[in-house]
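Take a look at the structure below.
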Amino acid sequence: MTQQRTQVGIVGSGPSGLLLAQLLDRAGIASVVLERRSRDYVLGRVRAGVLEQGAVAILREAGVAARLEREGLEHHGVEIAIGEQRYRIDFAEQAASLTVYGQTELTKDLLDARDARGASPIFDAADVAIEEVAGTRPRLRYRLAGAEHVLECDFIAGCDGFHGVSRTAIPPDVLRTHERVYPFGWLGVLADVPPVSPELIYLSHERGFALCSMRSATRSRCYLQCDLDTDVADWSDERFWDELETRLPAELAAHLTRGRTLEKSVTPLRSFVAEPLRYGRLFLAGDAAHIVPPTGAKGLNLAVRDVHQLAAALVAHYRERSDSLLDGYSAAGLRRIWRAERFSAWLTSVLHRFPGRTSFDRGMQLAELDQLVTSAAARAAFVEAYTGSQAEA
Ligand code: APR
Ligand code: PHB
């Protein structure tokens with residue numbers, strides 16, 4: 001058995017774990033990241049792609065924003081289409097913007113930064129176990145190529161996503177979870193075709209929601225609301241583009257470029273919050289603590305803000321011997337998280353087709369959307385939540 005010691009043991013090398021390690025490193029705090037999967041698997045995942053200005057500022061502070069600022073696409077508005085009607089919501093009044101940059105690319109930048117510091121995550125770490133978090137000497141136990149390892153830590157950060165082990169280290173009589181599971185998913189594709197329009201378009205259509213997003217001027221990321229039992233094998237590229245064309249307003253459908261898809265997958269939609277975010281010396285961050293449906297593009301942004309908050313609290317502990325930020329981590333984080341949950345659940349509820357919905361339910365959705373596109377106050381509230389300008393508060 002090999003024994004090692006670090007200040008912060010981090011479980012998971014998604015955006016949360018990698019960014020936390022990077023922020024701590026810049027503050028002179030040592031950490032070790034344990035990742036169950038291989039490096040190639042982590043680098044190959046296709047996920048979200050929209051960053052709030054505040055998240056970009058945090059990535060800049062972490063020293064990992066150079067490529068994102070060069071290659072990311074800055075957006076100053078978003079479109080909502082209701083059947084054939086198109087509406088543009090301008091972010092300018094709030095001086096807000098978003099940066100479209102794939103999470104896959106961000107993960108690569110974060111890993112490059114860790115490698116450059118000689119502090120790469122430990123990949124393929126099997127059977128990670130979290131021990132003694134209620135005491136003062138927590139430990140991470142894991143296996144690497146069959147050999148057992150123990151990592152002694154001051155603190156443990158649970159950054160291991162929704163299916164990770166960290167949350168289960170909180171005793172059941174302490175942990176409370178809040179959840180809404182939606183009766184549909186998103187079928188997403190990535191394809192090297194130009195976006196149908198320069199800005200993102202969220203589509204509320206009789207046949208179901210759709211979203212046209214992008215990764216660059218030549219790469220599109222598009223989604224269709226689908227049934228939960230959808231098998232991607234039943235969705236040829238042609239069938240996907242046919243269905244998207246049907247849900248697009250005619251003038252946009254005329255601009256749709258079809259192409260071979262590079263990736264195709266189904267994501268179920270879920271809203272989920274765990275509390276507390278802290279138990280003893282264990283802190284949860286990112287998808288380990290909460291899930292939002294992707295409709296508001298909040299998942300990655302929440303993760304970035306969680307670990308920024310956690311890094312600041314750990315820095316205060318080591319530098320100033322002050323634990324007030326660590327003590328306040330859960331309450332402050334949950335307040336920010338619930339606001340993003342509210343927005344994501346609301347946008348999901350107004351844009352999707354729910355099974356068994358009545359004509360009254362559809363009338364409510366259309367009235368909500370009508371209010372959004374016609375009322376300056378409703379638009380301002382939307383822009384504040386969608387671009388995350390409110391999260392600075
Ligand atoms: N031991 C070690 N690593 C684990 C374990 C475990 N038991 N369980 C899960 N992991 C790893 C996963 O393999 C994954 O690489 O933890 C990582 C968690 O990463 P993400 O799921 O990406 O979660 P997070 O880093 O919080 O990222 C936030 O933003 O866009 C959203 O949901 C999207 O991934 C995204 C998230
Ligand atoms: C994406 O580009 O993958 C994306 C964009 C906006 C969303 C969700 C996903 O709301």
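The values are calculated or read from the model by the stated rules, or taken from the named source; none is laboratory data. Keep in mind that what you see is a predicted model, and the values were worked out from it rather than measured. Using ideal geometry, Cβ is built from the backbone for each residue, glycine included, and neighbour counts are taken over all protein chains shown. Remember, those area values only see protein heavy atoms, side chains included, never the ligands or the DNA or RNA. Shrake-Rupley method; radii C 1.70, N 1.55, O 1.52, S 1.80 Å.
Looking for something more than 30 Å from Arg247 (Cα to Cα), open to solvent by 40 Å² or more (accessible area, probe 1.4 Å) and within 14 Å of ligand 1 (Cβ to nearest atom) - is there at least one such residue anywhere in the stretch 43-60?
Yes - at least one qualifying residue is present in the stretch 43-60.
Hey, any hits in the stretch 335-342 for a residue that's outside any helix (DSSP H, G or I) and not charged (D, E, K, R)?
Initial filter on the stretch 335-342 (outside any helix (DSSP H, G or I)): none.
Within the stretch 335-342, none of the residues are outside any helix (DSSP H, G or I) and not charged (D, E, K, R).
Report whether or not Arg321 is within 24 Å of Leu106 (Cβ to Cβ), of a type in the set (Lys, Arg) and out of contact with any His (no Cβ under 8 Å at 6 or more places or on another chain).
On the way: within 24 Å of Leu106 (Cβ to Cβ): no; of a type in the set (Lys, Arg): yes; out of contact with any His (no Cβ under 8 Å at 6 or more places or on another chain): yes.
No.
Go over the candidates Thr136, Thr99, Thr104 one by one and state the one that is open to solvent by 10 Å² or more (accessible area, probe 1.4 Å), within 16 Å of ligand 2 (Cβ to nearest atom) and either in contact (Cβ under 8 Å) with a residue 60 or more places away in the chain or part of a loop (DSSP other than H, G, I, E, B) (or both).
Values: Thr136 fails: within 16 Å of ligand 2 (Cβ to nearest atom); Thr99 fails: either in contact (Cβ under 8 Å) with a residue 60 or more places away in the chain or part of a loop (DSSP other than H, G, I, E, B) (or both).
From the options Thr136, Thr99, Thr104, the qualifying one is Thr104.
Conditions tested, residue by residue: (1) open to solvent by 20 Å² or more (accessible area, probe 1.4 Å); (2) out of contact with any strand residue (DSSP E or B) (no Cβ under 6 Å at 6 or more places or on another chain).
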residue	(1), (2)
Ala288	no, no
Pro294	yes, yes
Leu300	no, yes
Ala303	no, yes
Asp306	no, yes
His317	yes, yes
Glu320	yes, yes
Leu326	no, yes
Tyr329	no, no
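Only helices (runs of 4 or more DSSP H) wholly contained in the stretch 1-94 count here; list those with 3 or more residues that are farther than 21 Å from Phe155 by Cα. If you could, list the steps in order and put the result at the bottom.
Values: elements: 15-26, 39-44, 53-61, 66-71.
Once the helices (runs of 4 or more DSSP H) in the stretch 1-94 are filtered for at least 3 residues that are farther than 21 Å from Phe155 by Cα, what remains is 39-44, 53-61, 66-71.
Ala125 versus (1) of a type in the set (A, V, I, L, M, F, W, C); (2) out of contact with any Phe, Trp or Tyr (no Cβ under 9 Å at 6 or more places or on another chain); (3) modelled with pLDDT of 95 or more: which is the lone unmet condition?
Looking at each condition in turn, Ala125 falls short on (2).
List every residue pair whose Cβ atoms lie under 7 Å apart, where the two residues are 6 or more positions apart in sequence or sit on different chains, the first residue falls within the stretch 221-250 and is within 15 Å of His352 (Cα to Cα) and away from ligand 1 (no atom under 16 Å from the Cβ), and the second residue, located anywhere, is small (Gly, Ala, Ser) and modelled with pLDDT under 95.
Here the result reads none, with nothing in the stretch 221-250 linked to a residue that is small (Gly, Ala, Ser) and modelled with pLDDT under 95.
What's the number of the condition Ile10 fails, among (1) surrounded by fewer than 21 Cβ atoms within 10 Å (Cβ to Cβ); (2) in contact (Cβ under 8 Å) with a residue 60 or more places away in the chain?
(1)
If Leu175 meets every condition in (1) under 25 Å from Ser330 (Cβ atoms); (2) among the hydrophobic types (A, V, I, L, M, F, W, C); (3) within 16 Å of ligand 1 (Cβ to nearest atom); (4) surrounded by 15 or more Cβ atoms within 10 Å (Cβ to Cβ) apart from one, which number is that one?
The failed condition is (3).
So which residues in the stretch 215-252 are of a type in the set (Lys, Arg) and away from ligand 2 (no atom under 16 Å from the Cβ), if there are any at all? I'd like the intermediate steps shown before the answer.
Looking only at the stretch 215-252, we keep the residues that are of a type in the set (Lys, Arg), and these are 215, 219, 221, 239, 247.
Once the filter is applied, which keeps residues that are of a type in the set (Lys, Arg) and away from ligand 2 (no atom under 16 Å from the Cβ), the stretch 215-252 yields only Arg239.
Identify the residue in the stretch 253-286 that is open to solvent by 10 Å² or more (accessible area, probe 1.4 Å) and among the aliphatic types (A, V, I, L, M) and, among all such residues, is farthest from ligand 1 (Cβ to nearest atom).
Ala254
Answer yes or no as to whether Phe184 is buried (at least 17 other Cβ atoms within 10 Å of the Cβ) and among the aromatic types (Phe, Trp, Tyr).
yes
Could you check, for the stretch 292-309, whether at least one of its residues is within 14 Å of ligand 2 (Cβ to nearest atom), assigned to a strand (DSSP E or B) and touching a residue at least 40 places away in the same chain (Cβ under 8 Å)?
No.
Quick one: in the stretch 107-122, which of the residues that are open to solvent by 40 Å² or more (accessible area, probe 1.4 Å) and not in a loop (DSSP other than H, G, I, E, B) is farthest from Leu190 (Cα to Cα)?
Here the answer is Ala116.
Of the residues in the stretch 343-353, how many are crowded, with 16+ Cβ neighbours inside 10 Å and either assigned to a loop (DSSP other than H, G, I, E, B) or aromatic (Phe, Trp, Tyr) (or both)?
Initial filter on the stretch 343-353 (crowded, with 16+ Cβ neighbours inside 10 Å): 343-345, 347-353.
So of that shortlist, the ones also either assigned to a loop (DSSP other than H, G, I, E, B) or aromatic (Phe, Trp, Tyr) (or both) come out as 343, 352-353.
Total meeting the criteria: 3.
For the condition buried (at least 21 other Cβ atoms within 10 Å of the Cβ), in contact (Cβ under 8 Å) with a residue 40 or more places away in the chain and polar (S, T, N, Q), what is the one hit in Gln94, Gln22, Gln85? Write out each step before concluding.
Values: Gln94 fails: buried (at least 21 other Cβ atoms within 10 Å of the Cβ); Gln85 fails: buried (at least 21 other Cβ atoms within 10 Å of the Cβ).
After applying the criteria, what remains is Gln22.
Looking at the structure I just gave you, is His352 in contact with a Leu (Cβ under 9 Å, 6 or more places away or on another chain), more than 23 Å from Ala21 (Cβ to Cβ) and away from ligand 1 (no atom under 15 Å from the Cβ)? Spell out how you get there, then give the answer.
Numbers: in contact with a Leu (Cβ under 9 Å, 6 or more places away or on another chain): yes; more than 23 Å from Ala21 (Cβ to Cβ): yes; away from ligand 1 (no atom under 15 Å from the Cβ): yes.
In short, yes.
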